[in-house]
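S.K.: Dropping the structure in here first, questions after.
The values are calculated or read from the model by the stated rules, or taken from the named source; none is laboratory data. The structure displayed is predicted, hence computed values, not measured ones. Cβ placement follows ideal geometry from the backbone for every residue including glycine, while neighbour counts extend to all protein chains displayed. Only protein heavy atoms, including side chains, enter the accessible area calculation; ligands, DNA and RNA are left aside. Shrake-Rupley method; radii C 1.70, N 1.55, O 1.52, S 1.80 Å.
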Amino acid sequence: MSTHRRRTGLILTSLALSGGCTREGPRAGEGASRVVLNQRPVSSEVMRKSGAATPTVAVAPPHAPAVDISPLVDATPAAPETLAATDLPAPTLRLPTPLWETSERVRVSHAFSGRLFVGEVELGRRVETTIREVKAEGAPALVKRLGRVDAIFHAEDGLCFVEFPNDAKDGIHLMRVSKDGAEVRSLLAGFDGGHRVVNCEGAPFWIAPVQQQGRLGGLGWIDPASGGRAKLHPELGPAFALTSHGGRVFFMAHQRGGPDVIYSMRDDGTDLRGHVKMTRGVIGVAVGSGFVYWSHLMSDGRSTDFGRVAVDGSSPPEALATLKDHVFQSLAVGKNGLIAATSAAELPGHVVHIPADKGAPQTWPSVPRVWQVVGDTDGVFLHHEHSDEGAAVRSFARLQ
């Protein structure tokens, strides 16, 4: 068995053990267009405290018409042939001076519109997380929470985040905080979406728990009309690499034995589209400047190829580069192309720029470890680690 196949099997096994919704979705091919609602309602106590009405959670009728998704998948353009693998080029770009340095306690980071936010965790008798905005003059605190914050995403009037409270009686919470940090409220109690959430401007989406040993997956969603949680397209299989851009939500999913397919849907849960399909191995997805970009682990299990396809389907998929002996998992679309970083498990860490005009890849100098690249065309930031007199230090620098 190849390294890649073993790796994929481990991912599916860990996801399958992560739990599931209280209502099982339809089997693949049955009621595929149905919106299957989770029957655990939002905590009435939490909703009462936040001033929101307790939602009525309904279940889609069992006779809802089924939709065969195979034409969509079959119509999805195939990935292009990969380019010949090349070695990582010698560094030609200069690593910028850090905006901010701190201890190794930063757990999560998120950037949008040129702004960077981080969650800094203090471990003790009680876990405390401080969400900060990183600026050139420092990192002032936006809000402090008694618990662990595992995901941050932007909203029109502030941020949303996934929180594991120290003393919660109703599980994980999906929270929202205003721009000034003065107002914090719960959007959803008993949240079952793991560590990823997007599209908090309207109705939040997250990766749904996997069911039936990897057969069902899809996305979770809060229906803005009812406030209840829904499960969208579980028949597509386990979902990965969730992101959002331009009023659409993008993700990769695969059915058992099938290819990896990058999909998107509108931010109201409608208009499911397939953008590209390829052999198993998609490990990163990013969207910007009119393209869906991806990184793909090659069959040797240690090299990465990159590609893109026009979001609107106006041009076919393109191969951009193939780099030997490095796994690039973290992606961000900057103003001049794709920026990709190696997995945090790879030592030392590497960051590469693949120009939008399909020029030769460029690299920054290696660092001890890369945790993430985050951002968009208004600014891409590097979250990496270095050693300061033997102590691990987290650094945050603006690459573009």
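S.K.: In the range 63-97, which residues are part of a helix (DSSP H, G or I) and either under 28 Å from Q362 (Cβ atoms) or modelled with pLDDT of 90 or more (or both)?
M.R.: Residues of the range 63-97 part of a helix (DSSP H, G or I): 70-75.
None - no residue of the range 63-97 is part of a helix (DSSP H, G or I) and either under 28 Å from Q362 (Cβ atoms) or modelled with pLDDT of 90 or more (or both), so the list stays empty.
S.K.: Right, next: In contact with a Lys or Arg (Cβ under 7 Å, 6 or more places away or on another chain) and within 22 Å of E235 (Cβ to Cβ): is that true of S264 in this structure? Let's see the steps before the verdict.
M.R.: Working: in contact with a Lys or Arg (Cβ under 7 Å, 6 or more places away or on another chain): yes; within 22 Å of E235 (Cβ to Cβ): yes.
Taking the combined requirement at face value, the residue satisfies it.
S.K.: Just give me the residues in the range 131-148 being assigned to a strand (DSSP E or B) and either touching a residue at least 40 places away in the same chain (Cβ under 8 Å) or over 21 Å from the mean Cα position of the chain (by Cα) (or both), in sequence order. Explain how you work it out, then say what you get.
M.R.: Going residue by residue through the range 131-148, those that are assigned to a strand (DSSP E or B) are 131-135, 138, 141-145, 147-148.
Result: I131, V134, K135, G138, A141, L142, V143, K144, R145, G147, R148.
S.K.: Within 22 Å of P209 (Cα to Cα), touching a helix residue (DSSP H, G or I) at 6+ places or on another chain (Cβ under 6 Å) and of a type outside the set (F, W, Y), is that true of A151? Can you show your working first?
M.R.: Numbers: within 22 Å of P209 (Cα to Cα): yes; touching a helix residue (DSSP H, G or I) at 6+ places or on another chain (Cβ under 6 Å): no; of a type outside the set (F, W, Y): yes.
So A151 fails the test.
S.K.: Identify the single condition in (1) touching a strand residue (DSSP E or B) at 6+ places or on another chain (Cβ under 6 Å); (2) farther than 30 Å from D312 by Cα; (3) open to solvent by 20 Å² or more (accessible area, probe 1.4 Å) that T130 does not satisfy, given that it satisfies every other one.
M.R.: Of (1) touching a strand residue (DSSP E or B) at 6+ places or on another chain (Cβ under 6 Å); (2) farther than 30 Å from D312 by Cα; (3) open to solvent by 20 Å² or more (accessible area, probe 1.4 Å), only one is false for T130: (3).
S.K.: Report, by residue number, each residue of the range 177-191 that is surrounded by fewer than 16 Cβ atoms within 10 Å (Cβ to Cβ) and either of a type in the set (G, A, S) or touching a Leu at 6+ places or on another chain (Cβ under 9 Å) (or both).
M.R.: S178, K179, D180, A182
S.K.: Going through A168, A111 one at a time, which residue ends up being farther than 23 Å from A392 by Cβ and either in contact (Cβ under 8 Å) with a residue 60 or more places away in the chain or not in a strand (DSSP E or B) (or both)? Write out each step before concluding.
M.R.: Values: A111 fails: farther than 23 Å from A392 by Cβ.
Sole residue among the options that is farther than 23 Å from A392 by Cβ and either in contact (Cβ under 8 Å) with a residue 60 or more places away in the chain or not in a strand (DSSP E or B) (or both): A168.
S.K.: Can you name the strands (runs of 3 or more DSSP E) wholly within the range 297-400 that have at least 2 residues being open to solvent by less than 30 Å² (accessible area, probe 1.4 Å) and acidic (D, E)? Spell out the reasoning first.
M.R.: Details: elements: 304-310, 318-323, 328-334, 337-342, 351-355, 369-376, 379-388, 391-398.
In the range 297-400, no matching strands (runs of 3 or more DSSP E) lie anywhere.
S.K.: Determine, yes or no, whether S366 is farther than 20 Å from V118 by Cα and modelled with pLDDT of 95 or more. Talk me through it step by step, then tell me what you get.
M.R.: Working: farther than 20 Å from V118 by Cα: yes; modelled with pLDDT of 95 or more: yes.
So S366 passes the test.
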